[in-house]
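What follows is one structure encoded as structure tokens, with my remarks underneath.
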Amino acid sequence: MINLFNMYFLQKLQFKKNYLEITTFLFIIAFVVVAAFFSWMRYFDHDELEAIHTAWKMTIGEKIYVDFFQHHNFLFYNLLEVVLSIFGAGINSIFAARILMLAMFLCILLITYKIARIKFEKNVALLSVFFLSTSVIFIQKAIEIRPDVPQTLTGLIAVFFVLKYFKTLDRKYILLSSFFLFISFLFLQKAFFLMFLIGLLFSYKIIKKQGKITDFFFYWGVFIFLLFIFLSYLYYCNSLSEYIFLNWTLNAKSLNVFFPLEYLRISFIQNPILWVSYFIGVLYLAKKRIFNDVAFLSLGLLGSVYLTKSPYSQYYMMAMPFVAMVAAFTVFEFFKGNKFLIFVSLIVSVGFPLNVVVTNLKNTNTEQLKKISYVLSVSKQDDFVYDGDILFNLFREDIDYFWFSVRPETGLLVAYQMLRNYNYDVYSLIEKKKPMVISNSYIDTQNSVILDNYEKSSQYEDLYLLR
């Protein structure tokens with residue numbers, strides 16, 4: 001009996017000692033469950049459908065950049081090709097791809113913890129994961145089928161290994177970091193910003209005698225060697241010139257420009273405790289003249305968002321793990337380890353994103369999937385479909401090289417036509433290819449080609465079927 005009492009008493013003491021850690025962990029689990037729910041039920045973003053359709057086009061033998069338009073690096077679509085080859089061209093593949101993104105989201109949380117443990121104590125690392133997992137701007141995009149997710153994951157792995165190098169000066173970490181940074185670039189061009197920041201950080205460490213100049217050249221030598229192989233492969237496939245034009249020249253010409261602080265403003269409303277803690281932490285480190293690797297990367301990556309013409313919310317993904325780490329450091333630094341005050345900050349932090357979660361419960365993907373299935377049911381595998389805005393045509397052929405971003409005035413088609421003489425006559429294409437299904441996106445349904453050959457769908461007012 002005495003032994004049982006002692007065991008109970010010790011367990012109570014242990015709980016009291018670790019209640020903050022347990023509470024933080026439980027909140028993380030709760031938001032992971034929310035992410036899993038959204039992964040399965042939430043509506044599909046336009047970019048997700050673009051990614052699935054791109055991968056499908058590659059599975060039927062079309063060559064990216066040459067046979068169809070795409071302006072992102074290709075590795076993500078190769079990954080989705082594997083998903084499509086396993087689950088087939090249908091609804092199951094879409095869910096399988098979402099589950100793959102969810103798995104990457106969990107890996108991002110894990111690598112965030114691992115990076116934070118290099119620079120901070122265990123409780124700060126755990127709170128970093130809490131802030132990241134409750135960050136609405138991050139979680140909403142991290143569950144989506146988009147190249148930003150694996151680009152963020154591999155970029156964070158690259159940072160983890162380079163920080164391990166600065167701590168140990170072990171050259172094997174140089175090799176691993178450079179490799180994963182290159183893989184991050186293959187997923188998305190935005191990794192260029194992280195490359196630049198790692199270069200600056202490495203240079204600073206050499207000045208402070210925390211790194212070796214020979215290792216600096218070894219790092220970038222490995223990266224350049226891998227880049228040479230990549231460009232040689234594109235040249236061998238006769239895709240190099242189109243790759244450079246579409247992924248760099250055309251993107252620089254993008255006409256879709258909007259106010260750069262809009263998504264930051266929205267995120268501040270959704271997670272005010274996170275952002276207030278972050279900015280206080282940055283100011284505190286600056287005032288104390290403390291150089292912190294994590295804070296440097298967070299500022300650099302946030303700043304890179306505003307170097308782009310169209311800073312959508314996914315552009316914040318790479319920065320958010322580092323923002324979360326600085327915010328967590330701030331909370332522990334200012335509350336001096338006072339567990340009660342930290343606990344209160346956790347409770348308050350959770351309240352804001354929960355409101356967004358409840359609001360988004362009604363935004364399901366049911367109607368989108370019904371429409372995609374409907375188009376598949378009224379068309380055959382070798383039929384053409386005109387979507388115009390990549391909203392429902394995932395597994396049927398398109399009528400033109402340009403199959404999305406054909407929006408007048410701001411679409412990439414307009415930018416493309418400013419750089420090249422390219423004729424895009426949608427009515428001639430419809431008349432020639434006779435797509436089985438067309439939408440009313442960016443076309444005049446009163447045009448004779450439409451009136452003479454198509455009838456409105458009985459189920460969807462924006463769709464027309466070939467007579």
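A short reminder: the numbers here are calculations on the coordinates, not readings from a lab. As the structure is a computational prediction, the values presented were derived from the model and not from experiment. Cβ atoms come from the backbone with ideal geometry, glycine included; neighbour counts cover every protein chain shown.
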- prompt: Cross-link list LYS141/LYS371; LYS205/LYS309; LYS63/LYS434: which exceed 28 angstrom alpha carbon to alpha carbon?
  reply: LYS205/LYS309
statement: Looking only at aspartates and glutamates whose Cα falls under 20 Å of LYS212's and that sit 8 or more positions away or on another chain, we get ASP170, ASP293
message: I need the semi-axes of the equivalent ellipsoid of the chain: take the C-alpha gyration tensor, multiply each eigenvalue by 5, square-root it, list largest first in whole angstrom.
response: 44, 28, 20
task: Could you work out how far helix 171-187 tilts from the main Cα principal axis of the chain, as a 0 to 90 degree angle to the nearest 10?
output: 30 degrees
query: Which percent of Cα pairs goes in each bin when the distances of the range 304-409 are cut into 10 angstrom slices starting at zero?
result: 11, 21, 24, 21, 13, 9, 2
query: Quick one: what Rg and Dmax do you get for the range 392-445 from the alpha carbons, in Å?
result: 11.5, 32
message: Compute the distance from the alpha-carbon center of the range 70-137 to that of the range 363-417, in whole Å.
response: 26 Å
message: Which entries of LYS208/LYS336; LYS167/LYS336; LYS119/LYS208 have Cα-Cα distances beyond 23 Å here?
response: LYS208/LYS336; LYS167/LYS336
- prompt: Which ³J(HN,Hα) values, rounded to whole Hz and listed in residue order, are derived for the range 405-417 from phi using the Karplus coefficients 6.51, -1.76 and 1.60 in 6.51 cos²θ - 1.76 cosθ + 1.60 with θ = phi - 60°, glycine and proline given as x?
  reply: 6, 9, 4, x, 6, 10, x, 5, 4, 5, 4, 4, 5
query: Charges only on Cβ, +1 for Lys and Arg, -1 for Asp and Glu: so what's the dipole of the range 59-134 about the Cα centre, in debye to the nearest 20?
result: 440 debye
field: Selection from TYR374, PHE343, PHE404, by position along the positive dipole direction of the range 341-442 (Cβ)
entry: PHE343
- prompt: What value, in deg cm²/dmol to 500, does the helix sum -39500 (n - 2.57) over DSSP H runs of n ≥ 4 give at 222 nm once divided by the residues of the chain?
  reply: -22000 deg cm²/dmol
- request: Tell me the chymotrypsin sites (Phe, Trp or Tyr not before Pro) within the range 235-335 that lie in a loop according to DSSP and have at most 13 other beta-carbon atoms within 10 Å.
  value: PHE258, PHE291, TYR306
Sequence-distant lysines (8 or more away, or on other chains) whose Cα lies within less than 20 Å of LYS432: LYS380, LYS456
task: Give a residue-ordered list of calculated ³J(HN,Hα) values for the range 275-280 (Karplus: 6.51 cos²θ - 1.76 cosθ + 1.60, θ = phi - 60°; whole Hz; x for Gly, Pro).
output: 6, 4, 4, 5, 5, 5
- request: Please give every one of the aspartates and glutamates within straight-line cross-link reach of LYS190, meaning a C-alpha to C-alpha distance under 14 Å, and leave out same-chain neighbours fewer than 8 residues apart.
  value: ASP148
- prompt: Can you work out ³J(HN,Hα) from phi for every residue in the range 61-73, in order, using Karplus 6.51 cos²θ - 1.76 cosθ + 1.60 and θ = phi - 60°, giving whole Hz and x for Gly and Pro?
  reply: x, 6, 8, 4, 6, 8, 8, 8, 6, 7, 10, 10, 4
Dipole axis of the range 132-204 (+1 Lys, Arg; -1 Asp, Glu on Cβ), positive-most option in PHE193, PHE138, SER203: SER203
Acute angle (nearest 10 degrees) that the helix 46-59 long axis makes with the longest principal axis of the chain, alpha-carbon atoms: 70 degrees
